Amino acid sequence: MTTQQTETDAIEGARRLTEVAAMTAENAIASASRLTEGGRLIDEHQVHAQRIAQLATESRAAAELLGYAEGQTATGTADTIAEEHAFVFAAEVVHKLRGAIEADPDTFGLDLSIREQLEDPDVRSMVRAGVAEARVRAIGARVIEARGASATELDDPVANLTRDTARSFARTEVLPIAQDMHRQDLLVPEDLIQKMAGLGLFGCSVPESYGGTEMGYLTMVVLTEELSTVSLVAGSLITRSEILTRALLQGGTEEQRQTWLPRIATGELLVGICVTEPDVGSDVASVTCKAVPGEHEGRKGWFIEGPKAWSTFAGRADILALLARTDPDVSLGNRGLSLFIVPKEPYDGHHFEHTQPEGGTLTGTANPTPGYRGMHSFTLAFDRYFVPEENLVGGEAGLGRGFYLQMGGFSAGRLQTGGRATGVAQASLEKACNYASDRKQFGRPIADYQLTQHKIGRMATHVAAGRHLTYAAARAMQTDERVSPSAQARADMEAAMCKLFASDVAIWVSQEAQLIHGGWGYSEEDPVARYVVDALVLPIYEGVKPILELKVIARQLLAGGR
Ligand SMILES: Cc1cc2nc3c(=O)[nH]c(=O)nc-3n(C[C@H](O)[C@H](O)[C@H](O)COP(=O)(O)OP(=O)(O)OC[C@H]3O[C@@H](n4cnc5c(N)ncnc54)[C@H](O)[C@@H]3O)c2cc1C
């Protein structure tokens, strides 16, 4: 490192560069908003809109890393590694920003004052100091010494306590079965589900008045992260309950909340989500599976007819949250969709056929997948499947509101995915550090090599960025969601941002960890090979990555919702 690079104070550098990143992002968003007429013309500028979503997300992650480091200093527990993470990450973000703008200055259309900031000699020199390889290697060496363990402090006592409990639960109850569950594609054992239910984990976001533990979103995310560090499947068991819980809280009738939430909270009812269809993925407004009003033996209700695809856990689930077309007028798009709670019998295995007493049938076949095993994701066919009228979420008022309720539910799922992704990334980081410390080549542990340290330094910095972005999104959802519709929309966008960023981090970090294991990382016997295939699913569900970028994040940003 040059003298100037060593002398740059990490927290000062992080502050300055985070500020530059935030100002640039804000200016780029304003310019893109004009270009796309407030987001109306996103589809004519998709590539640029995606860039905006990415840079806004990364700039926010930099701000959250800095906020954490500053918070530690303010409470007298200054954390030098957090300060280094904040500086190095902010420098990477500004470095990337400058490259992107340099490649396409006309489309970015930044104000002169912002371009001058980016070209300011002090800023340039800080960027060089932040991305200096020796600085990143130094982080890597410290992380390897700690074997990748995260020392992140939580200012919330409930979240802190829950993290300890979840960590020890994951190590004692999940670790012994995680690898077998994956390799043999087994359904998650009932015993584990019951133990998680006993801890109240299915009711994290259910208010106490409905029998839940109401731990709050931060606690939910933290415990998800801990479970996912050992097994993505264990960390994913509560996802569907979280999605339906939020939909019921946002749009269920009081009677429905009282009927369903207590049973979801205790784990008596496990949930599957049915949105996707064989021919309908991202374009949810085009859902074809229909619900037709009718009667069975004098009982009013709906007959469900049509296909669904990729419904995770639909075999074992006791109830399915199903989005169906209730208005045959397809020109209504998403306004013709409604959300139903569809009871069924639980089944294990990869195939099931269920005939209702009312005569309707439901068949399901699991799709084989390289990872994310343990819950199985099913293609389903509903044939005149009867659902009583009281199971239409929101009752009469819920007719045509299914899309809105489902998307609200997905926000909770996306937030939880930020936690899941952080867990998988953390597991990969720890595995890489342990392996690199133990494995010797050319007479030295591979951890001693500069390249290994540099890789680990960047991996750790990105894992920390994903973690703090996710925690911030959880806090935002907790505080903002009841304040106003615009605050809720912002919280939903932040949930999408944390999912977007943390999922990318999980994929990249798990693949780097696998490479650090050389050929042994390619062996099915090593958990790192599982982390790689598990991570790949993270940017797909709850809105595949390009849709999240364009239709959730960019749309909200360009409409002025920062
Ligand atoms: C393991 C797994 C579990 C799942 N679990 C569930 C579940 O429990 N319940 C459920 O309902 N679904 C579930 N899904 C489905 C998941 O939500 C969908 O796969 C996802 O929404 C994307 O839909 P699709 O696969 O049809 O892709 P498509 O919508 O066909 O998109 C494919 C690609 O096309 C491109 N694309 C599409 N539209 C646009 C556009 N407007 N602009 C630019 N590019 C575009 C993008 O590159 C995109 O990645 C699961 C999926 C998997 C793999």
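Calculate the length of the line joining the C-alpha centroid of the range 30-68 to that of the range 83-120, in whole Å. The range 30-68 and the range 83-120 have Cα centres separated by 13 Å. Can you compute the FRET efficiency between Ser331 and Glu389 using 1/(1 + (r/R0)^6), with r the Cβ-Cβ distance and R0 = 30 Å? Round to the nearest 0.05. So the FRET efficiency works out to roughly 0.75. What a 1.4 Å probe finds exposed on the range 164-220 is 51% carbon and sulfur by accessible area, rounded to a whole percent. Here is how the number arises for the chain: DSSP H runs of 4 or more residues each give -39500 (n - 2.57), the sum is divided by the residue count, and the result at 222 nm is -18000 deg cm²/dmol. Annotation: extensible slack from Val158 through Thr355 equals 66.5 nm (criterion: 0.36 nm per residue apart, minus Cα-Cα distance). For the chain, the share of alpha carbon pairs falling in successive 10 Å distance bins from zero is 4, 18, 28, 26, 16, 7, 2, 0, 0 percent. With both labels modelled 7 Å from their Cα along Cα-to-Cβ, the Glu133 to Glu12 distance reads 2.7 nm. Of the heavy-atom accessible surface of the range 288-352 (probe 1.4 angstrom), what whole percent is carbon and sulfur? Carbon-and-sulfur percentage of accessible area, whole number: 53. Projecting label points 7 angstrom from Cα along Cα→Cβ for Thr75 and Arg444 puts them 3.8 nm apart.
In the chain, which helices (entire DSSP H runs) extend 27 Å or more along their own long axis, judged by Cα positions, while averaging at least 0.0 on the Kyte-Doolittle scale? Qualifying helices: 10-35, 80-103, 485-516. P(r) for the range 237-389, from all Cα pairs and a bin width of 10 Å, is 11, 41, 39, 9, 0 %, short bins first.
Packing around the peptides 150-162, 86-98, taken as the average count of other Cβ atoms within 10 Å per residue, puts them in this order, highest first: 86-98, 150-162.
In this structure the chain gives 40 Å² per residue of accessible area when probed at 1.4 Å with all protein chains present.
In the chain, Cα pairs under 8 Å separated by at least six residues give a relative contact order of 18 percent. Take the alpha carbon atoms of the range 357-492, find their radius of gyration, then divide it by 2.2 N^0.38 Å using N residues; give the quotient. My calculation over the Cα atoms of the range 357-492 gives 1.62. Multiplying the residue separation of Gln46 and Glu102 by 0.36 nm and removing their Cα-Cα distance gives an extension gain of 18.3 nm.
The values are calculated or read from the model by the stated rules, or taken from the named source; none is laboratory data. Please read all numbers here as calculations on a predicted model, not as lab measurements. A quick note on method: Cβ atoms are made from the backbone with ideal geometry, for glycine too, and the neighbour counts reach across all protein chains shown. Ligands, DNA and RNA are excluded from the accessible area calculation, which covers all protein heavy atoms including side chains. Shrake-Rupley method; radii C 1.70, N 1.55, O 1.52, S 1.80 Å.
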